[in-house]
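J.: Here it is: the structure, laid out below.
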Amino acid sequence: MGYMQDVFSGFQGVPVTHSTNKRQGEVALVTGATTGIGEAVAYALADLGLSVIVSGRRIDRLEAVAETIRTKGVDAHVMACDIADASALEAMFADIRSKVGKLDILVNNAGMGYQSDIGDFETAELSLALAVNVTGAAICIRESIALMEHRPGTAIITVSSMAAHRVPPGGFGIYSATKHALRAIMEALRMECVKLSSPTKIASISPGTVATEFHKLFARSDKDPTEKLPFERLTPEDVARAVTFVLEAPAHVQLNEIMIRPIGQLG
Ligand SMILES: NC(=O)c1ccc[n+]([C@@H]2O[C@H](COP(=O)([O-])OP(=O)(O)OC[C@H]3O[C@@H](n4cnc5c(N)ncnc54)[C@H](OP(=O)(O)O)[C@@H]3O)[C@@H](O)[C@H]2O)c1
């Protein structure tokens, strides 16, 4: 399936395509796969023929995502885990090692944040954002590195944010700090892989505004404030296409940083 091909059946609003089996036998882990960008990425990887391990806290959502993946003719494994809990995360990787036996691709996508001023934030909310977006993501990288055979085709891809590249005004300081930290971690990882002559692709994808559940949590509101923006927001599938693009680049090509804004987004 080519980069631009995009076949959706419209069945219950879930994109259903059939795997090309191009990457049969390879296994990907997608964190934060219960919804939004992670869910779309899980389907895109299944469409490439990969088996997909889906992770997140909401087990019913993970089971539903796994069921859709299986309709594409590839394996899906459900691994429920709170990424903010370091020991649960380590136990999940031990399970991947014993039950699945290998890992070729990590898509480090789970993430969250709360809008707050630096002069007036809740300590617990700062701790949670750091635990999920930085500590959890870093542990996923470390454990994946230990599990992977570093051969061509392997990849560690982080769903970062435009907030990793500048600090948007309006209460983004803490969220932006976590994404800047993750950018530093990814750059250090890239250099370590060069030193080890590893062919693993290391990529961060930095979206602007994507239409997902993220914004209601961020604004602590039942209403998504980004619905009112004067431009068409990115879809999770727009971000998933960037993941596919990274993976389908020739073996010697490192797409380290991809920034994607919706047309019309100023900052
Ligand atoms: N939406 C945007 O505009 C935007 C822009 C730039 C970057 N991003 C980044 O994109 C990534 C995906 O976000 P999204 O927009 O798709 O938002 P989303 O729909 O809210 O999805 C967030 C995902 O992260 C998981 N997650 C959150 N906390 C977790 C925890 N403690 N343990 C395990 N999983 C956890 C959620 O699963 P459970 O709740 O089931 O655990 C969910 O699957 C995030 O890293 C976010 O920072 C989003």
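J.: Counting only protein heavy atoms and using a 1.4 Å probe, what share of the accessible area of the chain belongs to carbon plus sulfur, as a whole percent?
T.: Heavy-atom surface of the chain belonging to carbon and sulfur, 1.4 Å probe: 56 percent.
J.: Could you give the DSSP H helices of the chain that reach 30 angstrom or more along their long axis (alpha carbon positions) and whose average Kyte-Doolittle hydropathy is no lower than 0.0?
T.: Details: long enough: 173-195 (33 Å, 0.18).
Qualifying helices, which must be both long enough and hydrophobic enough, are 173-195.
J.: Additional query: If you bin the C-alpha pair distances of the stretch 17-150 every 10 Å from 0, what whole percents do you get?
T.: Spelled out bin by bin, the stretch 17-150 gives 13, 43, 30, 10, 3, 0 percent.
J.: Compare F93, F172 by solvent-accessible area with a 1.4 Å probe and give them largest first, with all protein chains kept in place. Don't skip to the end; give the middle numbers.
T.: Working: F93 5, F172 55 Å².
Of F93, F172, the descending order of accessible area is F172, F93.
J.: A further question follows. Considering only lysines 8 or more places apart in sequence, or on different chains, count the pairs in the stretch 25-260 whose C-alpha atoms sit under 29 Å apart.
T.: 13
J.: For the stretch 25-260, what Kirkwood radius comes out of the mean inverse Cα-Cα distance, in Å?
T.: On the way: mean 1/r = 0.0561 Å⁻¹.
One over the average 1/r among Cα pairs gives 17.8 Å for the stretch 25-260.
J.: Skip the ligands, DNA and RNA, and give the accessible area per residue of the chain with a 1.4 Å probe, whole Å².
T.: Value for the chain: 47 Å² per residue.
The values are calculated or read from the model by the stated rules, or taken from the named source; none is laboratory data. Not measured: the values here are computed from a predicted model. Please note that ligands, DNA and RNA were not included when accessible areas were found on the heavy atoms of the full protein model with its side chains. Shrake-Rupley method; radii C 1.70, N 1.55, O 1.52, S 1.80 Å.
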